[in-house]
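Visitor: Attaching a single structure in structure tokens format; questions to follow.
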Amino acid sequence: MKIENHILTILQLYEYAMAIGKSLDYNESCNNFIRLILKRKNLNAAWILSNENNKYVCKYSIPFGRKSIVKTQPDLNNLFHGIDSFELFNNNALALSTAPIKLKDGHLAVFNLKEEGYLFLYSKKNNIDAQDLSKLQPVISKFMNALKACRVFSDQQRLLKNLEKQNQELSDYAHMVSHDLKSPLRSIDALTSWITEDYYDHFDVEGKNQLNEIRFSVNKMDAMIKGILDYSTIDKNQSETYDVDLYTLVKETVSCMSVPENISVMIDELPKVRGDKFRLQQLFQNLVDNAIKYNDKEQGLVNISVVDNNQFWKFYVSDNGKGIDSKYFDKIFQTFGKLENRKDSTGIGLAVVKKIVNMYEGSIWVESTLGLGTTFFFTLRK
């Protein structure tokens, strides 16, 4: 008979263990486990109370179901018809009961779930003993860990929702700002255009230079606004991916760029990749444009090539220009991270490049030697 009881206990503990961790939803986890205990032990009710701001909150209860009822300490006392050891709640030092607590109308077992609160199991009959509590303790501990996982998961979901909301707000803000800024820019551009057409011959050299500076600044501001908008929408408006012939794409892109006569752009054979033509064009155009801008050699050279790197294609865009000091390798990929105060630089190009590469699950880095040149490497998943 003892062996049969032992086997029965093992089976029940196994059943309890199987009910734990089936779900990351708090209420469902409590239902799976606590209802099983009540059924197997023929108990009448259960509560989980947690201390929040010196008040006990009912996080879960049976037979009432989960309720958001805040119980102050005096109310808690009435809830259990008077617990002799109620002072344990006041000093917040309640530990696992080694024996059930005798109430006015029944018996109560108390388990300390630590930061998850306290689990109370109630029976109208005298069918809870110290041996039962001892056997339940290991699975109660596992249940406590399951509740921790539920809480962490809930916190993560709430954080993700907040991040999604903030990202959407930032995207909306970027659109709003770009729209509001473009309107006065168009007015300035139109006014300076009219002044140039009607009064240009009346200006002296200094006046003409200042007028040209205004128009150049307007165009640069327009490019910056466009860059900010592009950066904020890279991973928001992803179109369907399709096969893109990168050799043809890069060749057409370079042919449309303003390349100085003293700089040669060499394009090796490039593969076809899955992606969006517009984003991939942005990627290569910004890297080539950067290589051209910072090339100080009489005979400049920009080379675009690729190597097979297992699951990725590893591309590189190299030049024989000024080079970059290694202490700036991280800064150049940050928004508005410029090394030189060039009038024609917005400081957004490489930040856009990095975000596009990240969108395609790749990585990007730079190697450079001052005075000799720079190579930007980046990977795209095959």
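The values are calculated or read from the model by the stated rules, or taken from the named source; none is laboratory data. Quick caveat, the model's predicted, so the values are computed rather than measured. Ideal geometry is used to build each Cβ from the backbone, glycine not excepted, and the neighbour counts take in all protein chains shown. What goes into the accessible areas is simple: the full protein's heavy atoms, side chains included, and nothing from ligands, DNA or RNA. Shrake-Rupley method; radii C 1.70, N 1.55, O 1.52, S 1.80 Å.
Visitor: Count, please, the residues in region 248-264 that happen to be part of a helix (DSSP H, G or I) and under 16 Å from residue 290 (Cα atoms).
Guide: 4
Visitor: With respect to the numbered conditions (1) in contact with a Leu (Cβ under 7 Å, 6 or more places away or on another chain); (2) modelled with pLDDT under 90; (3) open to solvent by less than 60 Å² (accessible area, probe 1.4 Å); (4) of a type outside the set (Asp, Glu), which one is the sole condition not fulfilled by residue 317?
Guide: Going through the list (1) in contact with a Leu (Cβ under 7 Å, 6 or more places away or on another chain); (2) modelled with pLDDT under 90; (3) open to solvent by less than 60 Å² (accessible area, probe 1.4 Å); (4) of a type outside the set (Asp, Glu), residue 317 breaks only (2).
Visitor: Let me ask something else about it. Would you tally the residues in region 264-291 being under 17 Å from residue 305 (Cβ atoms) and out of contact with any Asp or Glu (no Cβ under 7 Å at 6 or more places or on another chain)?
Guide: The qualifying residues number 16.
Visitor: Would you mind stating whether residue 307 is more than 16 Å from residue 366 (Cβ to Cβ) and either in a strand (DSSP E or B) or charged (D, E, K, R) (or both)?
Guide: yes
Visitor: Let me ask another. Going through 170, 229 one at a time, which residue ends up being open to solvent by 70 Å² or more (accessible area, probe 1.4 Å), closer than 18 Å to residue 355 by Cα and either outside any loop (DSSP other than H, G, I, E, B) or modelled with pLDDT of 75 or more (or both)?
Guide: Answer to the check: 170.
Visitor: Cβ-Cβ distance below 6 Å, separation of 6 or more or different chains: which pairs start in region 26-39 with a residue that is free of Cβ contacts under 8 Å to residues at least 60 places away in the same chain and end on one that is open to solvent by 50 Å² or more (accessible area, probe 1.4 Å)?
Guide: If the second residue must be open to solvent by 50 Å² or more (accessible area, probe 1.4 Å), the pairs left are 27/66; 32/22.
Visitor: Kindly indicate whether any position in region 181-194 is modelled with pLDDT of 75 or more, touching an Asp or Glu at 6+ places or on another chain (Cβ under 7 Å) and surrounded by 12 or more Cβ atoms within 10 Å (Cβ to Cβ).
Guide: Yes, that holds for at least one residue.
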